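Here the structure is laid out as structure tokens; the discussion comes afterwards.
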Amino acid sequence: MFHYEYKTSGTCSSLISFDIEGDKIHNVSFQRGCNGNLKAISKLVEGMSIDRVEELLKGNTCGSKGTSCADQLAIAVRKGYEESLK
């Protein structure tokens, strides 16, 4: 299992950490941000494939921001997956 941490940009959360096993993500957690919503996102994506997370969450925005915690998660899981293959 590969552990990855991603420093977010443009969101209330400051860091996303998770594990990657094959092409599946596990144990997603966020530092800061909307606690209840981010706990729910973490539960919903548990065991989901990298491609599916991207499909569902990439491009979601929060208010007038050009990104969101969900969008940042989609970016993070792809970067983490690419790192895990090195």
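The values are calculated or read from the model by the stated rules, or taken from the named source; none is laboratory data. Note that the structure is predicted; figures quoted are calculated from it, not measured. Every residue, glycine among them, receives a Cβ derived from its backbone with ideal geometry; neighbour counts consider all protein chains shown. The accessibility values were calculated without ligands, DNA or RNA, using every heavy atom of the protein model including side chains. Shrake-Rupley method; radii C 1.70, N 1.55, O 1.52, S 1.80 Å.
When the surface is traced with a 1.4 Å probe over the full set of protein chains, HIS3 keeps roughly 100 Å² accessible. Only helical runs count toward this figure. For the chain, summing -39,500 (n - 2.57) over DSSP H runs of n ≥ 4 and dividing by all residues gives -12500 deg cm²/dmol at 222 nm.
Accessible area per residue for the chain, computed on protein heavy atoms with a 1.4 Å probe, is 58 Å². Annotation for the stretch 1-53: GluC sites (Glu not before Pro) lying in DSSP loop with at most 14 further Cβ atoms inside 10 Å of their Cβ are GLU46.
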